[in-house]
Amino acid sequence: MAEQRDGVIWDLTSYFPEFNGPEMVAFFNVLKQDVADLQELAAGLKPLSMDNALQWEEVVVKTEDALARMQHMFSYVNCLTSAHADNEEYAQEEAKLSRLVAEFEKLDVDTLRAFKDASDEVFDAFLAREMIAPIAHYLRRTRIRAQRTMSRPQELLAAVLNVDGFHSWGRLYDRITGKLEFDMTYPDGRVERTPISKWRSLMSDADREIGRAAFDGGNKAWAGIEDVCAAALNAIAGTRLTMNKYRGVDHFLWWALFQSQVSQETLDAMYQAIHENIELAREVFRTKAKHFGRTGIWWFEREAPLPLEDTARFSWKEGAEMVAQAFGEAYPNLAQYYDRFLQNRWLESEARGGKRPGAFCTGSEMIQEQRVFMTFNGSLSDVTTIAHEVGHAFHSHVMRDLRPLAQFYPMTLAETASIFAEQLLAEGIYADSKISDAQKLLMLDADLCGAAVLLLDITIRFEFEKAFYEERQQGEVSVSRLKELMVEAQRRVFGDALLPDGDDPLFWASKLHFYITHVTFYNFPYTFGFLLSRALTGMFQEHGDAFLPRYEEFLRLTGSGSVEEVARRGLEVDVRDPAFWKASINSLAAPLERYKELLAKLKSSGAAG
């Protein structure tokens with residue numbers, strides 16, 4: 001592993017030897033021609049029937065292959081633009097690739113047309129074909145989408161306009177925020193011009209003065225681009241609402257439920273359990289605030305660790321080894337995969353300017369490899385991010401021998417693997433005799449506060465976005481109103497766990513998730529995955545190593561059915577029952593009591609202020 005002072009720089013050469021080299025150029029040109037040929041073939045076919053089933057099978061199978069190649073290239077370019085947000089050549093390539101995506105969407109239009117007009121008898125017979133059966137679930141969902149399409153000319157126009165309209169707003173947000181900097185004023189008076197990619201880590205510093213300074217300085221920078229952010233947010237939502245109207249979608253949540261592959265009944269059951277048991281999550285933050293003589297917390301310190309004496313930041317090597325040891329103790333298959341991940345430098349973690357904020361996992365089915373993007377600044381939260389994103393990567397690794405279209409799983413199930421990996425890290429730290437009691441308390445603090453964030457913070461994002469879309473249906477929503485909606489949601493969900501002056505009116509501008517154009521309502525799946533992963537952890541604790549093969553089979557099933565079906569087949573649970581979610585929430589009660597005991601002990605010893 002090529003060690004850097006603040007992390008590692010990933011190796012992308014297995015995608016292409018060099019950016020815009022002969023291999024990459026030839027790959028793109030062949031893919032572009034193949035998509036054009038597929039468009040011509042599909043456009044010349046009548047709707048699916050018994051007579052042309054073989055031709056449509058050819059279209060579907062070749063489209064699947066082209067899609068895998070498209071994902072390969074998209075993953076590569078996304079890695080480059082994320083790690084080098086200020087590189088114009090990479091940004092231009094991303095825009096060029098977006099135009100090819102539009103060509104794919106045109107091809108999708110004809111596939112939707114074919115399935116929309118086919119009879120149930122013909123479609124069922126098509127799904128039974130040998131080359132089609134392994135991807136039947138994906139094609140059933142394609143047929144559902146087909147029932148909500150406009151005319152072919154309208155869909156073709158929408159596909160073209162998406163490039164320079166809809167998706168360009170998301171790209172604009174990425175480019176502006178990737179270059180954003182703020183003045184960080186340290187308690188000693190020192191002022192540093194700091195990239196926004198370090199903002200979250202600084203806000204989460206154990207020193208609350210540093211956290212407050214970062215929050216104030218960062219929000220001044222966000223306020224400077226709030227009009228641009230509001231324009232992008234309104235444009236993204238406005239486009240979605242307009243397309244919904246023309247496609248016969250009667251509610252803005254329909255696409256979110258469809259993409260997440262959950263029913264409204266299941267989503268309602270989860271939120272019913274959350275709101276009925278919300279005091280447990282609030283109590284986490286109230287307990288922490290009480291330790292400092294306060295009644296609640298400020299928004300910016302949701303993820304800030306306790307200011308203990310043993311809070312030195314971790315080096316990259318220390319953080320990476322903590323994850324390795326935790327995985328090794330609990331889950332050998334995951335540990336072996338992680339070791340390979342590091343040895344091959346499939347992770348980008350160096351802290352530097354010019355990087356986009358946030359973290360993600362991407363990958364290519366062609367080379368059967370994944371990549372993780374993050375910025376490692378040495379906090380315990382950053383160590384957890386390693387485990388989280390590698391959990392995502394392992395999920396894809398487990399599915400690597402399935403057909404590409406059988407590997408499409410929803411966010412609601414994607415987050416289970418990542419959060420399950422986080423919990424393995426936490427349990428590993430608690431059990432490690434070489435790790436100090438103070439660090440274990442820090443992990444418990446991070447674990448519980450992370451749970452409270454997923455139950456409260458993510459719920460705020462969901463409720464804010466719902467309220468925003470409801471108002472956006474009547475026209476553009478102003479900057480001042482966006483701030484009001486955000487504060488209202490924060491106060492309603494956090495209750496008295498948030499100090500009177502503790503809100504963040506600009507969270508709608510600084511949160512990347514609101515600006516992702518390929519997925520709508522990029523929020524509740526995190527809470528869903530967290531609670532489902534706690535159920536998985538409980539099963540692991542009950543059954544031990546015997547559970548792990550079942551867990552991997554569950555991961556393999558995630559692209560083969562709805563969430564309800566996969567949970568029933570893989571775990572024998574009913575996610576439509578609020579009691580299932582209540583049990584996961586209440587599993588936090590015991591660690592919360594332990595947290596209170598340790599804080600009381602810490603207070604009496606005078607080890608923290």
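Quick note: the coordinates plus some simple rules give every number you see, no bench work behind them. Remember, predicted model here, so these are calculated numbers, not experimental data. Neighbour counts are summed over all protein chains in view; Cβ atoms, including those assigned to glycine, are modelled from backbone coordinates with ideal geometry.
Odds and ends about this structure:
- Nearest 10 degrees, 0 to 90: helix 88-116 Cα axis against the chain principal axis: 50 degrees
- If R0 is taken as 41 Å, the Cβ-Cβ distance between Glu318 and Arg491 corresponds to a FRET efficiency of 0.60.
- Placing +1 on the Cβ of every Lys and Arg and -1 on the Cβ of every Asp and Glu, with no other charges, gives the chain a dipole of roughly 800 debye about its Cα centre.
- Taking each of Lys198/Lys220; Lys355/Lys466; Lys290/Lys603; Lys288/Lys603 in turn, the alpha-carbon distance tops 19 angstrom for Lys355/Lys466.
- When the convex hull of its Cα atoms is projected in every direction, mean area for the range 537-585 (nm²): 3.5 nm²
- The Cα trace of the chain gives Rg and Dmax of 24.2, 81 Å, the first to one decimal, the second as a whole number.
- Simple Cβ-charge dipole of the range 22-164, Lys/Arg +1 and Asp/Glu -1, about Cα centre, in debye nearest 20: 480 debye
- Dipole of the range 317-472, positive end: most advanced residue of Thr412, Ala324, Gln370 [Cβ charges, Cα centre]: Gln370
- Packing-based exposure ordering (other Cβ within 10 Å, fewest first) of Lys596, Lys46, Lys483, Lys198: Lys46, Lys596, Lys483, Lys198
- Listed by chain and number, the aspartates and glutamates placed with their C-alpha closer than 14 angstrom to that of Lys116 are Asp108, Asp124, Glu155; residues fewer than eight positions away on the same chain are left out.
- Projecting the Cα atoms of Phe28, Leu112, Gly44 onto the dipole axis of the range 22-164, where Lys and Arg carry +1 and Asp and Glu carry -1 at the beta carbon, places Leu112 farthest toward the positive end.
- Dividing the summed helix terms, -39500 (n - 2.57) for each DSSP H run of n ≥ 4, by the number of residues in the chain produces a 222 nm estimate of -21000 deg cm²/dmol to the nearest 500.
- Within a straight-line Cα-Cα reach of under 15 Å, Lys434 can be paired with the following aspartates and glutamates, leaving aside sequence neighbours fewer than 8 residues apart in one chain: Asp310, Glu318, Glu321, Glu329.
- Size check on the range 22-164: the Cα extents along the three principal axes, sorted descending, read 53, 31, 25 Å.
- Between helix 152-164 and the chain: long-axis angle, C-alpha atoms, 0 to 90°, nearest 10: 40 degrees
- The GluC sites (Glu not before Pro) found in the range 117-224 that occupy coil by DSSP, while having at most 16 further C-beta atoms within 10 Å, are Glu130.
- Difference of contour (0.36 nm per residue) and Cα-Cα distance, Glu130 to Arg550: 148.5 nm
- The C-alpha atoms of the chain define a longest principal axis, and helix 22-43 lies at about 50 degrees to it.
- Residues Trp254, Trp222, Trp508, sorted so that the one with the fewest Cβ neighbours within 10 Å comes first: Trp254, Trp222, Trp508
- Around the Cα centre of the range 116-188, unit charges on the Cβ atoms of Lys, Arg, Asp and Glu (plus for the first two, minus for the last two) sum to a dipole of about 320 debye.
- Around Thr149: net Lys/Arg minus Asp/Glu count, Cβ-Cβ under 10 Å: +4
- Cα centroids of the range 579-596 and the range 441-472: 17 Å apart.
- Peptides 182-190, 494-502 ranked from most to least packed by the mean count of surrounding Cβ atoms within 10 Å: 494-502, 182-190.
- Estimated FRET transfer efficiency (Gln541, Asp65; beta-carbon r; R0 45 Å; 0.05): 0.60
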